[in-house]
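Q: What follows is a structure written as structure tokens; I'll ask about it next.
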Amino acid sequence: MVFANLDELLHMGGHGPYVWVSYGVSVVALAWLLVAPLLRRRALLRDIARRARRDANRNPQED
Amino acid sequence: MWAYLERLWHRLGSPRHFYDLAGWWLPWLAVSSLLLLGVGITWGLLFAPPDYQQGHSFRIIYIHVPAASLALTGYFAMAVAGVVVLVWRMKMAEVVLQSIAVPGAVMCALALFTGALWGKPTWGTYWFWDARITSMLILLFLYLGVMALGSAIASPVLAARATAVLAIVGAVNIPIIKYSVEWWNTLHQPATFKLTEKPAMAPEMYWPLLVCALGFYLFFAFVVVLRVRNAVLEREAGARWVRELAGEGR
Amino acid sequence: MSAFAALFRRDLALAWRARGDLVNPLGFFVIVVSLFPLGMSPDPALLARIGPGLVWVAALLAVLLSLENLFRSDRDDGALEQLLVSSAPLPLLALARVLAHVITVGVPLVLVSPLLALMLNIDGEPFGVLLSSLALGVPVLCMVGAIGAALTTGIARGGVLVALIVLPLYIPVLVFGAGAAYAAGLGLPFAGQLAILGALLALSVALAPFAIAGALRISGSQ
């Protein structure tokens, strides 16, 4: 590790805010890219299951 | 061998098989991308030596360069999928085309944002109308157009075909845009500002970049596959296998 | 070829009957340009320097505004479906439609622009270069814009969408068009930019009809 202590790591010779904001925003963006489709999948499956149940109740002879 | 490839192609063309096959890829993509990203970012952030001119601000490169490269690759991938959509009418290409747009636009925005933050300590300004920055901004506009058109058309098939046309037209335009912006920049360039990359990076700076870039690409593929699977579920919502899948509860 | 001529004549006749509408883009063009001296400064030297860019941006927006109805009325009255099932090649018909648009909207814009150039204190060599660049560039704007218009024909309230789709594609035309006049103002060579604009015109006339035809097929099936 090139940094002697945590303070130095956060400060980064005066460039700390730029580096950390870049990484922070990127992590948030990547996390959103990952979580959004997972949540969407859950909502989709729930929706499809509900619709399937409703259709099954409506005309039970077909199933 | 050929027969195997042909079978694979046909399986990829069928939504259900694609869904299953992609589901098998998912864990590999998840583990490899997150692992590489973790290693690459830790390496770049904590262990790579500081640049002798830029100090620590150069560490932004480990996000900036992979994001910028993916933004461009993503757009061309959309255009290739667009050709497949229009020529072969392949269902899965339609889905892939539309699943790339949002992650690609996010990468493009990320490249611009990190570039601005890198610019402040390096050149003393967040934004500069440099040829490369401007081209990236226009690429973001192209992405926004594709996204807006895709969400404005209700029928998924027609939306995919319309965005296919737009993605292809945009991809044909990208080299022209790039050339025009470079020319425009030489006309208006003030002499005091010069953005050039150093010819060679030290290996201890270069290796983490390579790991990060690979991690970003795999992560992008991972996210696109997740989106593709969602889109397949949405399109095939009436099919028996989708209903059974949903009925099983996850 | 006769289908091409027939469609072209029909579009000119339709435009002539609704000639009041043709004044709208021109009015927009003139008003937008005259806003800039009011918004910035009437200093003649400043206006001469930024003038070519202003005229170009305003012309670009005027063309953009005129695009919305390029295929919409054809779609609403069923003429578009007739074109789609016609035996004549669709790209050729699309070219006829855009050519009529160039003549009814593009040419008047180019003809009004000398007036605006004089109001912005552009004269001498830049004046001629600006007019030539507009004459070469405005048809490109129409050709490329028609792709966006064709893609959004089936969409209600497609106006903003057309802008979002088409404006990024307009950037090279704007850069070389305004850049030619700007370079002429600085005493730099400008023939290269005009040549590139000519090349863009040739390229767009050759390729855009196919993209427009593809887009119309998609919008037509909505």
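The values are calculated or read from the model by the stated rules, or taken from the named source; none is laboratory data. Computed from a predicted structure; not experimentally measured. Cβ sites come from the backbone with ideal geometry, for glycine too, and all protein chains shown count toward neighbours. To get the accessible areas, we keep the full protein, side chains included, count just its heavy atoms, and leave off ligands, DNA and RNA. Shrake-Rupley method; radii C 1.70, N 1.55, O 1.52, S 1.80 Å.
Q: When residues of segment A:4-37 are filtered for being of a type in the set (A, V, I, L, M, F, W, C) and either in contact with a Phe, Trp or Tyr (Cβ under 8 Å, 6 or more places away or on another chain) or within 7 Å of another protein chain (Cβ to nearest Cβ) (or both), how many remain? Even if it seems obvious, please write down each step before you answer.
A: Step one: list which residues in segment A:4-37 are of a type in the set (A, V, I, L, M, F, W, C), which gives A:4, A:6, A:9-10, A:12, A:19-21, A:25, A:27-36.
Now narrow it down to the ones that are either in contact with a Phe, Trp or Tyr (Cβ under 8 Å, 6 or more places away or on another chain) or within 7 Å of another protein chain (Cβ to nearest Cβ) (or both): A:9-10, A:12, A:19, A:21, A:25, A:29-30, A:33-34.
Looking only at that region, the number is 10.
Matching residues to (1) more than 8 Å from every other protein chain (Cβ to nearest Cβ); (2) open to solvent by 20 Å² or more (accessible area, probe 1.4 Å):
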{"site": "C:112", "(1), (2)": "yes, yes"}
{"site": "C:115", "(1), (2)": "yes, yes"}
{"site": "C:126", "(1), (2)": "yes, yes"}
{"site": "C:143", "(1), (2)": "yes, no"}
{"site": "C:149", "(1), (2)": "yes, no"}
{"site": "C:158", "(1), (2)": "no, no"}
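Q: Right, another one. If you take the residues in segment B:46-69 that are assigned to a helix (DSSP H, G or I) and more than 11 Å from chain A (Cβ to nearest Cβ), which one is surrounded by the fewest Cβ atoms within 10 Å (Cβ to Cβ)?
A: B:69
Q: Tell me which residues, restricted to segment B:24-45, are touching a helix residue (DSSP H, G or I) at 6+ places or on another chain (Cβ under 7 Å) and open to solvent by less than 70 Å² (accessible area, probe 1.4 Å).
A: Correct list: B:26, B:29, B:30, B:32, B:33, B:36, B:37, B:40, B:41, B:44, B:45.
Q: In addition: Given the conditions (1) more than 8 Å from chain B (Cβ to nearest Cβ); (2) open to solvent by 40 Å² or more (accessible area, probe 1.4 Å); (3) within 20 Å of residue C:32 (Cα to Cα), which single one is not true for residue C:164?
A: Only one criterion in (1) more than 8 Å from chain B (Cβ to nearest Cβ); (2) open to solvent by 40 Å² or more (accessible area, probe 1.4 Å); (3) within 20 Å of residue C:32 (Cα to Cα) is unmet by residue C:164, namely (1).
Q: Name the single residue that is farthest from residue B:59 (Cα to Cα) among those in segment A:1-60 being part of a helix (DSSP H, G or I) and among the polar types (S, T, N, Q).
A: That would be A:57.
Q: Filter segment C:204-222 down to the residues that are open to solvent by less than 30 Å² (accessible area, probe 1.4 Å) and over 21 Å from the mean Cα position of the chain (by Cα), then identify the one that is farthest from the other protein chains (Cβ to nearest Cβ).
A: Initially, segment C:204-222 is screened for residues open to solvent by less than 30 Å² (accessible area, probe 1.4 Å), giving C:204, C:208-209, C:211-216, C:218-220.
From the residues that got through so far, the ones that are over 21 Å from the mean Cα position of the chain (by Cα) too are C:218-220.
Values: C:218: 5, C:219: 7, C:220: 10 Å.
Per the stated criteria, the residue is C:220.
Q: Report yes if residue C:183 is within 11 Å of chain B (Cβ to nearest Cβ), at pLDDT 90 or above and not in a loop (DSSP other than H, G, I, E, B), otherwise no.
A: So residue C:183 does not fit the description; no.
Condition check ((1) in contact with a Ser or Thr (Cβ under 8 Å, 6 or more places away or on another chain); (2) buried (at least 16 other Cβ atoms within 10 Å of the Cβ); (3) within 10 Å of chain A (Cβ to nearest Cβ)) across all residues:
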site: B:202; (1), (2), (3): no, no, no
site: B:222; (1), (2), (3): yes, yes, yes
site: B:228; (1), (2), (3): yes, yes, yes
site: B:231; (1), (2), (3): yes, yes, yes
site: B:238; (1), (2), (3): no, no, yes
site: B:242; (1), (2), (3): no, yes, yes
site: B:245; (1), (2), (3): no, yes, yes
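Q: Here's something else I'd like to know. Does residue C:85 count as under 17 Å from residue C:111 (Cβ atoms) and either open to solvent by 20 Å² or more (accessible area, probe 1.4 Å) or over 19 Å from the mean Cα position of the chain (by Cα) (or both)?
A: no
Q: Specify the residue that is farthest from the other protein chains (Cβ to nearest Cβ); the eligible residues are those in segment B:141-155 that are without any contact (Cβ under 8 Å) to a residue 40 or more places away in the chain and closer than 25 Å to residue B:67 by Cβ.
A: The qualifying residue farthest from the other protein chains (Cβ to nearest Cβ) is B:151.
Q: Give me a count of the residues in segment A:37-51 that are surrounded by 17 or more Cβ atoms within 10 Å (Cβ to Cβ) and under 10 Å from the mean Cα position of the chain (by Cα).
A: Result for segment A:37-51: 1.
Q: Of B:92, B:78, which residue is open to solvent by less than 60 Å² (accessible area, probe 1.4 Å), part of a helix (DSSP H, G or I) and at pLDDT below 90? So that I can check it myself, show each step before the final result.
A: Numbers: B:78 fails: at pLDDT below 90.
Answer to the check: B:92.
Q: Just one of B:12, B:72 is open to solvent by 10 Å² or more (accessible area, probe 1.4 Å), under 18 Å from the mean Cα position of the chain (by Cα) and in contact (Cβ under 8 Å) with a residue 12 or more places away in the chain; which is it?
A: B:72
Q: Out of the residues in segment B:156-167 meeting the condition of being more than 7 Å from chain C (Cβ to nearest Cβ) and over 12 Å from residue C:169 (Cα atoms), tell me which one is surrounded by the most Cβ atoms within 10 Å (Cβ to Cβ).
A: B:163
Q: Right, something else. Of the residues C:136, C:188, C:174, C:201, only one is touching a Phe, Trp or Tyr at 6+ places or on another chain (Cβ under 8 Å) and open to solvent by 30 Å² or more (accessible area, probe 1.4 Å); which?
A: That would be C:174, the only listed residue that is touching a Phe, Trp or Tyr at 6+ places or on another chain (Cβ under 8 Å) and open to solvent by 30 Å² or more (accessible area, probe 1.4 Å).
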